[in-house]
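Remarks on the structure that follows.
The values are calculated or read from the model by the stated rules, or taken from the named source; none is laboratory data. It should be emphasised that the depicted structure is a prediction, and the values quoted were computed from it without experimental measurement. With ideal geometry, Cβ positions are generated from the backbone for all residues, glycine too; neighbour counts draw on all protein chains shown. The accessibility values were calculated without ligands, DNA or RNA, using every heavy atom of the protein model including side chains. Shrake-Rupley method; radii C 1.70, N 1.55, O 1.52, S 1.80 Å.
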Amino acid sequence: MSGSISVPRALLVTLLALPLLSAVRTGPIRVYVSGLGNDSNAATNCPRAKPCRTLEKAYTVVQAGGEIIALDPADYGPVTIAEPLSLLGVEGAEIGVATGATGITINAPAAARIIIRNFIISGAGAANTKGIQLNTGQLALFNST
(Lines give C-alpha, C1' and ligand atoms only; values in the text may rest on other atoms or scores of the structure.)
Protein backbone atom coordinates (compact mmCIF):
# COMPACT_ATOMS: atom_id res chain seq x y z
CA MET A 1 0.00 0.00 0.00
CA SER A 2 1.94 2.97 -1.17
CA GLY A 3 0.89 6.38 0.13
CA SER A 4 -0.90 5.08 3.20
CA ILE A 5 0.07 5.79 6.79
CA SER A 6 -0.20 3.16 9.48
CA VAL A 7 -2.46 3.88 12.44
CA PRO A 8 0.46 4.06 14.94
CA ARG A 9 2.31 6.53 12.70
CA ALA A 10 -0.83 8.68 12.26
CA LEU A 11 -1.34 8.66 16.03
CA LEU A 12 2.26 9.75 16.56
CA VAL A 13 1.88 12.63 14.10
CA THR A 14 -1.32 13.73 15.85
CA LEU A 15 0.29 13.60 19.29
CA LEU A 16 3.27 15.62 18.08
CA ALA A 17 0.96 18.28 16.63
CA LEU A 18 -1.10 18.73 19.82
CA PRO A 19 1.35 21.10 21.55
CA LEU A 20 1.30 23.31 18.46
CA LEU A 21 -2.49 23.45 18.47
CA SER A 22 -2.66 24.29 22.16
CA ALA A 23 -0.36 27.28 21.61
CA VAL A 24 -3.07 29.00 19.53
CA ARG A 25 -5.13 31.40 21.64
CA THR A 26 -8.79 30.45 21.55
CA GLY A 27 -10.42 33.19 23.61
CA PRO A 28 -13.30 35.38 22.48
CA ILE A 29 -12.94 37.51 19.37
CA ARG A 30 -14.25 40.59 21.22
CA VAL A 31 -13.53 41.67 24.80
CA TYR A 32 -14.26 44.87 26.68
CA VAL A 33 -12.57 47.29 29.08
CA SER A 34 -14.18 49.98 31.22
CA GLY A 35 -13.11 52.53 33.80
CA LEU A 36 -15.53 50.72 36.11
CA GLY A 37 -14.29 47.27 35.06
CA ASN A 38 -12.39 44.74 37.13
CA ASP A 39 -9.38 42.72 35.94
CA SER A 40 -10.68 39.67 37.79
CA ASN A 41 -13.32 39.52 35.03
CA ALA A 42 -10.61 38.02 32.80
CA ALA A 43 -11.72 34.72 34.30
CA THR A 44 -15.00 35.17 32.37
CA ASN A 45 -13.27 36.60 29.26
CA CYS A 46 -14.12 40.28 29.88
CA PRO A 47 -17.61 40.28 28.33
CA ARG A 48 -19.51 43.53 27.82
CA ALA A 49 -21.50 42.96 31.04
CA LYS A 50 -18.31 42.33 33.06
CA PRO A 51 -15.45 44.22 31.37
CA CYS A 52 -11.83 44.17 32.45
CA ARG A 53 -10.20 47.33 33.81
CA THR A 54 -6.93 47.35 31.82
CA LEU A 55 -5.88 46.65 28.24
CA GLU A 56 -3.09 44.37 29.44
CA LYS A 57 -5.50 42.07 31.29
CA ALA A 58 -8.04 42.07 28.43
CA TYR A 59 -5.21 41.16 26.05
CA THR A 60 -4.58 37.96 27.99
CA VAL A 61 -8.00 36.58 27.01
CA VAL A 62 -8.72 37.97 23.52
CA GLN A 63 -8.21 35.77 20.48
CA ALA A 64 -5.43 36.69 18.03
CA GLY A 65 -6.98 38.98 15.44
CA GLY A 66 -9.67 40.02 17.90
CA GLU A 67 -10.83 43.33 19.33
CA ILE A 68 -10.46 45.03 22.69
CA ILE A 69 -13.19 47.66 22.97
CA ALA A 70 -13.17 50.52 25.48
CA LEU A 71 -16.68 51.30 26.71
CA ASP A 72 -16.04 54.69 28.32
CA PRO A 73 -13.43 57.43 28.85
CA ALA A 74 -10.76 56.19 31.28
CA ASP A 75 -7.03 55.45 31.53
CA TYR A 76 -6.59 51.84 30.46
CA GLY A 77 -2.85 51.57 31.08
CA PRO A 78 -0.05 50.26 28.86
CA VAL A 79 -0.12 47.09 26.78
CA THR A 80 2.34 44.89 24.90
CA ILE A 81 0.96 43.32 21.72
CA ALA A 82 2.44 40.23 20.06
CA GLU A 83 -0.38 39.21 17.66
CA PRO A 84 -2.81 40.85 15.23
CA LEU A 85 -5.28 42.94 17.25
CA SER A 86 -7.63 45.94 17.16
CA LEU A 87 -7.78 48.40 20.07
CA LEU A 88 -10.99 50.40 19.71
CA GLY A 89 -11.50 53.34 22.02
CA VAL A 90 -14.06 56.08 22.54
CA GLU A 91 -13.58 59.81 22.96
CA GLY A 92 -11.53 60.25 26.13
CA ALA A 93 -10.11 56.71 26.20
CA GLU A 94 -6.51 57.02 27.29
CA ILE A 95 -3.37 54.97 27.67
CA GLY A 96 -1.36 56.60 30.43
CA VAL A 97 2.41 56.22 30.29
CA ALA A 98 4.59 56.36 33.41
CA THR A 99 8.00 58.04 33.44
CA GLY A 100 10.50 56.04 31.40
CA ALA A 101 7.83 53.62 30.13
CA THR A 102 6.06 52.87 26.83
CA GLY A 103 2.29 53.08 26.26
CA ILE A 104 1.99 50.43 23.53
CA THR A 105 4.78 48.04 22.60
CA ILE A 106 4.22 46.03 19.41
CA ASN A 107 6.23 42.82 18.91
CA ALA A 108 3.91 41.10 16.43
CA PRO A 109 4.87 38.97 13.41
CA ALA A 110 5.87 41.03 10.35
CA ALA A 111 2.56 40.42 8.54
CA ALA A 112 0.39 41.02 11.63
CA ARG A 113 -1.78 44.14 11.48
CA ILE A 114 -2.44 46.09 14.65
CA ILE A 115 -5.24 48.66 14.48
CA ILE A 116 -5.52 51.40 17.10
CA ARG A 117 -8.52 53.73 16.90
CA ASN A 118 -9.69 56.57 19.17
CA PHE A 119 -7.06 56.46 21.92
CA ILE A 120 -5.08 59.24 23.55
CA ILE A 121 -1.62 58.03 24.54
CA SER A 122 -0.30 60.39 27.17
CA GLY A 123 2.77 60.65 29.33
CA ALA A 124 1.31 63.79 30.96
CA GLY A 125 4.71 65.48 30.94
CA ALA A 126 6.58 62.43 32.27
CA ALA A 127 10.22 62.25 31.18
CA ASN A 128 11.59 59.63 28.76
CA THR A 129 8.23 58.20 27.72
CA LYS A 130 7.31 56.53 24.43
CA GLY A 131 3.77 56.51 23.10
CA ILE A 132 4.04 53.60 20.68
CA GLN A 133 7.09 51.44 20.08
CA LEU A 134 6.64 49.44 16.88
CA ASN A 135 9.34 46.76 16.88
CA THR A 136 7.70 44.37 14.39
CA GLY A 137 4.30 44.14 12.76
CA GLN A 138 2.15 46.61 10.82
CA LEU A 139 0.41 49.51 12.57
CA ALA A 140 -2.73 51.32 11.41
CA LEU A 141 -3.41 54.32 13.67
CA PHE A 142 -6.74 56.19 13.36
CA ASN A 143 -8.10 59.22 15.26
CA SER A 144 -5.49 58.85 18.00
CA THR A 145 -2.94 61.20 19.53
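When residues in the stretch 56-66 are screened for being within 22 Å of residue 97 (Cβ to Cβ) and open to solvent by less than 60 Å² (accessible area, probe 1.4 Å), 3 of them pass. Listed conditions (1) out of contact with any Asp or Glu (no Cβ under 7 Å at 6 or more places or on another chain); (2) modelled with pLDDT of 95 or more; (3) open to solvent by 40 Å² or more (accessible area, probe 1.4 Å) are all met by residue 90, apart from (1).
Modelled with pLDDT of 95 or more, buried (at least 22 other Cβ atoms within 10 Å of the Cβ) and within 27 Å of residue 136 (Cα to Cα), is that true of residue 114? In short, no.
Going by what's in this entry, would residue 98 be described as within 20 Å of residue 131 (Cβ to Cβ) and either modelled with pLDDT under 95 or open to solvent by 40 Å² or more (accessible area, probe 1.4 Å) (or both)? Yes, satisfied.
Among the residues of the stretch 31-39, is any at positive phi, of a type outside the set (Ser, Thr, Tyr), modelled with pLDDT of 95 or more and under 13 Å from the mean Cα position of the chain (by Cα)? Among the residues of the stretch 31-39, not one is at positive phi, of a type outside the set (Ser, Thr, Tyr), modelled with pLDDT of 95 or more and under 13 Å from the mean Cα position of the chain (by Cα), which makes the answer no. Residue 80 passes every criterion in (1) assigned to a loop (DSSP other than H, G, I, E, B); (2) closer than 15 Å to residue 56 by Cα apart from (1).
Filtering the stretch 45-55 for residues that are part of a loop (DSSP other than H, G, I, E, B), touching a residue at least 40 places away in the same chain (Cβ under 8 Å) and surrounded by fewer than 23 Cβ atoms within 10 Å (Cβ to Cβ) leaves an empty set. The requirement of being under 15 Å from the mean Cα position of the chain (by Cα), more than 14 Å from residue 145 (Cα to Cα) and in a loop (DSSP other than H, G, I, E, B) is satisfied by residue 64. The residues listed here are 136, 105; of these, the one that is of a type in the set (S, T, N, Q), closer than 20 Å to residue 63 by Cα, at pLDDT 95 or above and open to solvent by less than 60 Å² (accessible area, probe 1.4 Å) is 105. With respect to (1) basic (Lys, Arg); (2) within 20 Å of residue 35 (Cα to Cα); (3) in contact with a Ser or Thr (Cβ under 6 Å, 6 or more places away or on another chain), the lone exception for residue 130 is condition (2). Taken over the stretch 117-126, residues that are closer than 18 Å to residue 58 by Cα and either part of a loop (DSSP other than H, G, I, E, B) or open to solvent by 80 Å² or more (accessible area, probe 1.4 Å) (or both) amount to 3.
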